[in-house]
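Here you go, one structure.
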Amino acid sequence: MAARAETIHAFDIAPAIERLKGILGPEGVLTDPAEVTEFRDPFQHASWREFEPGAVLMPSSVEGVQAVLRIANEYKVPVWTSGQGRNNGYGGAAPRVSGSLVLSLRRMNRVLEVDEENATALIEPGVRFFDLYDHLRATGSKLWMSVPDLGWGSVVGNTLDHGLGYNLTGDHVAHQCGMEVVLADGDILRTGMGGMTNGRAWQNYKRGCGPSPDGLFMQSNYGIVTKMGVWLMPPPECYMPGWLTLRNDSDLELLLEKLRPLMLDGTIPNQPMIINAVCAMSAFAGREDWYTGEGPMPESVIEEIARQPGFGRWVMRFALYGDEKVVDRQREIVEAAFGTIPGAEVSFSKYDGRNLPELDNPHERVQAGIPSMALDRMTRWYGGEHGGHIGFSCAAPITGRDGAALRDLVRTELNTAGLDYSGVIIVTKRSMIHVGLVVFDTEDEAQAHNAYAACRSMVRTAATLGYGEYRSHLDFMDLVAEQYDYNDHAQRRFNERIKDALDPNGILSPGKQGIWPSAYRG
């Protein structure tokens, strides 16, 4: 079996751990193997020893984070940071360098402020989507938030990894405003209007005066974000979630051509998700309920799935929000546009957004900003409770040509590896992310190996077609970074120069997104 990616570096974490126990207390330092195991890649085969945490640190304050960095610099030990560490399809909380101290911010989980008038919140990195939602409801707030499909992750962590939700504030990067960051040397930076001691617009105006560094702390290892502003949304008068089902696999191309103008002009204002038949069924059933043979599922079985009520070869969820008369008109425009696709079916539900009933459909809940874990069922397509997945996620323009190219690339690679093609396409105003859900049985080592190998192969093939991953699994961060090769990898060289300036000892998350400090390079 081919070797898997791993970086080994010589360091001793024991002296640092002893010092930190006295500072963070017994709840702040985890060394018991059973507890530390939770911070491995949750979908690694049990026999694989790459990306092993050395110990886990759980500070409860900014001062605790500063103490960790002070001691890490003193002993030159790497610290790999995560909010909740629930980004399981990309490696979870596991560190790129085995033996690192995993700095988990789960105990920094306070909602510090909610501004009802301006629809903003200030939160710590351990705040989950569930936590923010519960806080809003407990305090009587009417504001809506944005959530991804699984609500157990960190709001801050999801944003810093360019994550997406599915209502009007679903572009999480665009709706972040103001950060507090602890730099590698322990210094504290507040971005934007937070640069003023008494600034009143920290969560309202993004830029401040001068360069805006917020983006430098996303998908990077330049600092630790300890506070972040989030924009929320007032409840709409009308909330209208919709569904579109397509009869044929090839209808995807026509759908994307019809969808693009509706995104550009704002008729559809949220982030639609287009789901193929296998992926849609995985939310309700296991593979064994449909097929138990070897190799990828036959076309005849996929067609049978697509014929089930509410299914199709592709199904798209989306939603409309706002004044009821405006939403009704938007619905007419959408129905007219999609009505030109032969065999397409469009349906809607309609709710008072200011007084939502209990929503049973998890897709309707998510698009209303209500966190859920219902769609976690998808990872159990192979292996049941031992199922896992890798997200292979490429960005592209919203065109039929690009959608078909990525669909065919991922399907061919996965079928060649003996795996089913399970795919979703998340569409934003001017681009789309094709996510290949590379699902496998984590207890089947050969199948797990094939899944990882297929992803590495897809990274290279996609790059030849002009597609790069917008975020990467831990296992092939270096490979993804390698594909961004313009002008002798100018992006990587630029990232390394910033890394060496801000973190000369190279302690913060070495290898994150392929950014290595000087001590590890070469």
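Every number here is computed from the coordinates shown, using simple stated rules; none is lab data. Everything quoted here is computed from the prediction, not taken from an experiment. We place every Cβ from the backbone using ideal geometry, glycine too, and count neighbours over all the protein chains shown.
Based on alpha-carbon centroids, what's the gap between region 426-493 and region 26-87 in Å, whole number please?
25 Å
Hey, got the dipole for the chain? About the Cα centre, +1 on K and R Cβ, -1 on D and E Cβ, debye to the nearest 20?
Its charge dipole is roughly 1160 debye.
Expressed as a fraction of 2.2 N^0.38 Å, the rule-of-thumb size for a compact globular protein of N residues, what is the C-alpha radius of gyration of region 111-231?
Working it through for region 111-231, the quotient is 1.00.
A further question follows. Which of rounded, prolate or oblate describes region 1-113 when judged by the alpha-carbon gyration tensor and an a/c cut-off of 1.5?
oblate
Related question: Between ASN361 and GLU257, what FRET efficiency follows from the Cβ-Cβ distance if R0 is 25 Å, with the result rounded to 0.05?
That gives a FRET efficiency of 0.35.
Greater than 30 Å separation of Cα atoms is the criterion. Which listed pairs, LYS142/LYS499; LYS206/LYS499; LYS142/LYS258; LYS142/LYS350; LYS206/LYS429, meet it?
Table pairs above 30 Å Cα-Cα are LYS142/LYS499; LYS142/LYS258.
Here's a follow-up. Rounded to the nearest 0.05, what FRET efficiency do HIS386 and ARG307 give with R0 = 25 Å and r taken as the Cβ-Cβ distance? Could you check?
Working: r = 30 Å, r/R0 = 1.19.
It comes to 0.25.
Tell me, what is the percent relative contact order of the chain, built from C-alpha pairs under 8 Å that lie six or more residues apart? Don't skip to the end; give the middle numbers.
Details: 1150 pairs, mean separation 86.3, N = 522.
RCO, the chain: 17 percent.
Another question, then. Using a basic spin-label model with each label point 7 Å from the Cα along Cα→Cβ, how many nm lie between GLU335 and SER518?
Simple spin-label model gives 6.6 nm for this pair.
A further question on this structure: Distance between Cα centroids, region 106-146 to region 246-307: provide it in whole Å.
With region 106-146 and region 246-307 each reduced to a Cα centre, they are spaced 34 Å.
Which angle from 0 to 90°, rounded to the nearest 10, does the C-alpha axis of helix 400-416 make with the longest principal axis of the chain?
With rounding to tens, the tilt is 70 degrees.
Taking 1 over the mean of 1/r across every pair of different Cα atoms in the chain, what Kirkwood radius in Å do you get?
Numbers: mean 1/r = 0.0419 Å⁻¹.
After inverting the pairwise mean of 1/r, the radius is 23.9 Å.
Still on this structure: What percent does the relative contact order of region 111-231 come to when contacts are Cα pairs within less than 8 Å and at least six residues apart?
Here the relative contact order equals 28 percent.
Among SER393, PRO125, GLY229, whose Cα sits farthest toward the positive end of the charge dipole of the chain (+1 at Cβ of Lys/Arg, -1 at Cβ of Asp/Glu, about the Cα centre)?
GLY229
Between ASP485 and ASN118, how many nm apart are label points set 7 Å from Cα along the C-beta direction?
Between ASP485 and ASN118, the label points sit 4.7 nm apart.
Here's another thing I want to ask about it. Calculate how steeply helix 445-464 sits against the longest principal axis of the alpha-carbon atoms of the chain, using the helix alpha-carbon long axis, and give the answer as 0 to 90 degrees to the nearest 10.
Orientation of helix 445-464: about 80 degrees from the principal axis.
Just to confirm the number: angle between the C-alpha axis of helix 62-75 and the first principal axis of the chain, 0 to 90 degrees, nearest 10?
Here the helix axis deviates by roughly 60 degrees.
While we're on this one: From the residues LEU160, CYS177, VAL315, which one has its Cα farthest along the dipole of the chain in the positive direction, the dipole being from +1 and -1 charges on Cβ of Lys/Arg and Asp/Glu about the Cα centre?
About the Cα centre, the residue reaching furthest to the positive side is CYS177.
For the chain, what is the calculated [θ] at 222 nm in deg cm²/dmol (nearest 500), taking -39500 (n - 2.57) for each run of four or more DSSP H residues and dividing by its residue count?
-9000 deg cm²/dmol
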